[in-house]
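Shown next, in structure tokens, is the structure this report addresses.
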Amino acid sequence: MKRVLCFFVCVMALSTSSLWGAGGKEHTSSAPVVFPYEDPSLPLDERARDLVSRMSLEEKVYFVVGTGMGNVAFAPSIMGTDRIVPGAAGTTFPLLHFGIPAMVMADGPAGVRISPVREGEEEKTYYCTAFPIARMLASSWDTSLLEEVGTAMGEEALAYGVDMILAPGMNIHRHPLGGRNFEYYSEDPLITGKMAAAFVRGVQSQGIGACLKHYAANNQETNRMSIDTVVSEKALREIYLRGFEIAVKEGQPWAVMSAYNKVNGLYCSEHHWLLTEVLRNEWGFSGLVMTDWFAGKDPVAQMKAGNDLLMPGTPFQRASLLAAVKEGGLDEEVLDRNAERVARIVLGSASARGVERPEAPDLEAHSLLARKAATEGMVLLKNEGNTLPLDPGLRVAGFGVSFYDVIIGGTGSGDVNEAYRISPAEGLTAAGYQVDSDLKERYLHYIEEAKANLPPKKNWWEPEKRIAEWDLPEEMVDLLASRTDVALVTIGRISGEFADRSREEFYLSSEEKSLLRKVSSAFHAKGKKVVVLLNIGGVIKVDDWRDLVDAILLVWEPGQEAGHAIADVLSGRVNPSGRLTTTFPLDYEDVPSSSYFPGTPMDNPERVEYGEGVMVGYRYFVTDNVPVAYEFGYGLSYTTFDLALAGVEGEVTRDEELRLRVEVTNTGDVPGREVVQVYLERDLVGDEPAKVLVGFAKTEILEPGASERVEIRIPREYLAVFDEGADAWIIPAGDYRLTISKSSLMDVGSIPFSVGHRVHVADVIPLD
Ligand code: BGC
């Protein structure tokens, strides 16, 4: 019977199959609905169950393993094999005779990563917008901005034939040398979770799926595919899982990507407790779990753990699963369960729904959004004597390779194939500044020559090599100090997937230091200012050179609109309102995880102890009173703000959430936005941090003298700590304060409260 029905559907499906490809339009709505899985009026769960019940064992096995990276030779002929969107990271297997198209997945956090050109389509391009890197977006502390950016990426994915974006990246900035920190939001899980949830809501508002990654405790690149993260349940829950929990509950993502590494001896993709007990049973996640690309070792263990889809998919995985079911090593019901979860998401995808894919996304509007996002994420670190803003029209000497060859994002899967990039030199020129053209020509020449002399990469996956900074002769710098009004010096750093940053990259090179010294003395001798632009994706040492300069603007890796956005902030067209979401330590060794990073044995680590427990980032620096260069939450403005408590509601022992209202007034001379931060402070007990961020809000643009009342809601669980003995979240009895703050070190008010008896917030499923 099944065969006869399949034949019918097969003919019907083949007749419409040409419509599923890139840019494919409407699914034939007139096609008669024969089976429940085809009926869009039924719930997806029911349709998925029906679809899987009609699949053969082989089809189910193919369905839970992706189409691979080019190697699809073993696909049964009833399945399609095309990689539909060139440059996308992977696809699920299409089931042609069921009329089910492939679901297309593309990276990544800073923009949709696909190939901008397609064979046979010489006239058309598929460029996607390169937005600022995730840590820069987070520095805005503006969840609505993240939602806007997510929406724009969703629109581009929809237009170009992609169904799911492999973002947001949500790992924690545990160590300053983490190679992919640029792709992640923060050292703090609340910021991470809130930013990710907003981004997910934006992407998914377009009917495109988002995928939280990399779950969990994937905080380094060194030996990422095998390293065993050894971490206490308390640190895991309070620091490394918390962000995912918030994003799952508040974003309802379609998918979660399990990480490469092991957690306490088990690969994340084979970790039942992580993938099923915590993610699904505790947090209520109902989407799809996929592996990171080629992650884990044992496909059967992955299936059993609740890892529904193996990506990108290999013949070995298919063969192992087939054999395991036939030989009794894998219960077919487990395969069915996972296939149903894949089916539910695939059936809901834009390709399967046959939705209208717009001809082209609004790239112009997205460019403007990328520019706005970059201005919102810049952090003004220093501004001695109001050096900034700088009047447009000034004569500018631009020093530093990245002033002309800007770094707009990191490398690896998070790298976007952008259509263009605006350098600071170009952006400033467009804004009316007179960028010294002779210096520019010399730099362009230097860059071209130095790049030509770079040794070739040994492996395709190695991060881009940067050329050394040009240490200009003193006489040339003196001459420039005479003929220009101000010096702008860029410091550039790039990093990416596959490698952590080297220790040397944390420090300025001898050429960079020498350049800064020369520029500083020449320009200061003439009473002119020196401004540094930090074009970086990871934190660097600043305290040994910052006294040489008058202002420092952290411009991160700001996406394709880099130069325009930099000019916006330098000119004062936009008042900087970014705040750090990760501490700038005085030295990377000050960070407690440095004693353990990147693991043991040091030269080729197999395991990494998270011996610092919950003392990550500001939690440690504030608790132990350790001086830092720039603290978490820090950032200057061209104006000043007054913060005043305007009301508190809620009682910890009684209510589910507390509500704080804070009145923010712009007390300066120019319009601007302020970030209100709320921390929970407690008297030191055991190994608890003294201060934890529990809420934040950002104002709209306030004119001078204007006020806005922001409301910050703090769910009771944000005040809780994890008690390993009790397997529960609790609020210990004691004295507390909620501080209203401008940074983790700058409190402007506090609300004391006492908790008379231990409050039990929630039980959990223990990790044994
Ligand atoms: C990365 C993921 C990415 C995947 C697909 C992996 O190497 O770790 O972040 O989504 O490749 O490109």
Can you tell me which residue among 251, 296, 243, 313 is open to solvent by less than 30 Å² (accessible area, probe 1.4 Å) and more than 24 Å from the chain's Cα centre (by Cα)? 313
For the range 175-198, what are the residues that are of a type in the set (D, E, K, R), in a loop (DSSP other than H, G, I, E, B) and within 16 Å of the ligand (Cβ to nearest atom)? 180
Within the range 429-475, can you find the residues that are part of a loop (DSSP other than H, G, I, E, B) and open to solvent by less than 50 Å² (accessible area, probe 1.4 Å)? 431, 432, 433, 436, 462, 463, 467, 469, 470, 472
Hits in the range 694-722 - residues which are among the hydroxyl-bearing types (Ser, Thr, Tyr), within 13 Å of residue 674 (Cβ to Cβ) and open to solvent by less than 30 Å² (accessible area, probe 1.4 Å): 699
Take residue 342 and tell me if it is in a loop (DSSP other than H, G, I, E, B) and more than 16 Å from the ligand (Cβ to nearest atom). no
The lone exception for residue 672 - which of (1) touching a helix residue (DSSP H, G or I) at 6+ places or on another chain (Cβ under 9 Å); (2) modelled with pLDDT of 95 or more; (3) among the small types (Gly, Ala, Ser) it fails: (1)
Somewhere in the range 231-240, is a residue within 16 Å of the ligand (Cβ to nearest atom), open to solvent by 10 Å² or more (accessible area, probe 1.4 Å) and either among the small types (Gly, Ala, Ser) or in contact with a strand residue (DSSP E or B) (Cβ under 8 Å, 6 or more places away or on another chain) (or both)? no
Identify all residues within the range 93-129 that are within 16 Å of the ligand (Cβ to nearest atom) and in a loop (DSSP other than H, G, I, E, B); write none if there are none. 102, 103, 107, 108, 109, 110, 111, 112, 113, 114, 115, 128
Any idea how many residues of the range 268-285 are surrounded by fewer than 18 Cβ atoms within 10 Å (Cβ to Cβ) and polar (S, T, N, Q)? 1
Being farther than 30 Å from residue 386 by Cβ, under 31 Å from the mean Cα position of the chain (by Cα) and not basic (Lys, Arg) is the filter here, so list the residues in the range 655-672 that pass it. 656, 657, 658, 660
Which residues, taken from the range 419-428, are β-branched (Val, Ile, Thr) and open to solvent by 70 Å² or more (accessible area, probe 1.4 Å)? none
Can you tell me which residue in the range 82-134 is most open to solvent (accessible area, probe 1.4 Å), limited to those that are within 28 Å of residue 180 (Cα to Cα) and of a type in the set (Lys, Arg)? 83
Filtering the range 730-765 for residues that are part of a strand (DSSP E or B) and open to solvent by less than 20 Å² (accessible area, probe 1.4 Å) leaves a count of 10
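The rows are residues; the columns are (1) farther than 25 Å from residue 45 by Cα; (2) of a type in the set (Val, Ile, Thr); (3) more than 16 Å from the ligand (Cβ to nearest atom).
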site: 277; (1), (2), (3): no, no, yes
site: 286; (1), (2), (3): no, no, yes
site: 293; (1), (2), (3): yes, no, no
site: 303; (1), (2), (3): no, no, yes
site: 307; (1), (2), (3): no, no, no
site: 313; (1), (2), (3): no, no, no
site: 324; (1), (2), (3): yes, no, yes
Of the residues that make up the range 73-80, is at least one at pLDDT below 90, in a loop (DSSP other than H, G, I, E, B), touching a strand residue (DSSP E or B) at 6+ places or on another chain (Cβ under 7 Å) and open to solvent by less than 40 Å² (accessible area, probe 1.4 Å)? yes
Quickly run through the range 575-628 and pick out the residues that are among the aliphatic types (A, V, I, L, M), open to solvent by less than 40 Å² (accessible area, probe 1.4 Å), more than 30 Å from residue 391 (Cβ to Cβ) and part of a loop (DSSP other than H, G, I, E, B). 591, 614, 615, 616, 626
Members of the range 204-216 that are open to solvent by less than 10 Å² (accessible area, probe 1.4 Å) and away from the ligand (no atom under 14 Å from the Cβ): 208
Please enumerate the residues belonging to the range 508-538 that are more than 16 Å from the ligand (Cβ to nearest atom) and under 21 Å from residue 563 (Cβ atoms). 512, 515, 519, 529, 530, 531, 532, 533, 534, 535, 536
Would it be correct to say that residue 696 is under 30 Å from residue 230 (Cβ atoms) and at pLDDT 95 or above? no
Take the range 623-642 and flag every residue that is of a type outside the set (S, T, N, Q) and within 30 Å of residue 684 (Cβ to Cβ). 624, 626, 627, 628, 629, 630, 631, 632, 633, 634, 635
Report yes if residue 551 is in contact (Cβ under 8 Å) with a residue 12 or more places away in the chain and within 16 Å of the ligand (Cβ to nearest atom), otherwise no. no
Would you mind stating whether residue 505 is open to solvent by 10 Å² or more (accessible area, probe 1.4 Å), touching a residue at least 12 places away in the same chain (Cβ under 8 Å) and within 16 Å of the ligand (Cβ to nearest atom)? no
All positions within the range 133-174 that are away from the ligand (no atom under 16 Å from the Cβ), hydrophobic (A, V, I, L, M, F, W, C) and outside any loop (DSSP other than H, G, I, E, B): 136, 137, 138, 145, 146, 149, 152, 158, 159
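The values are calculated or read from the model by the stated rules, or taken from the named source; none is laboratory data. Here the structure is a predicted model, which means the values were calculated and not measured. Neighbour counts run over all protein chains shown; Cβ positions are idealised from the backbone, glycine included. The protein model used for the area step is the full one, side chains on, heavy atoms only, and it has no ligands, DNA or RNA in it. Shrake-Rupley method; radii C 1.70, N 1.55, O 1.52, S 1.80 Å.
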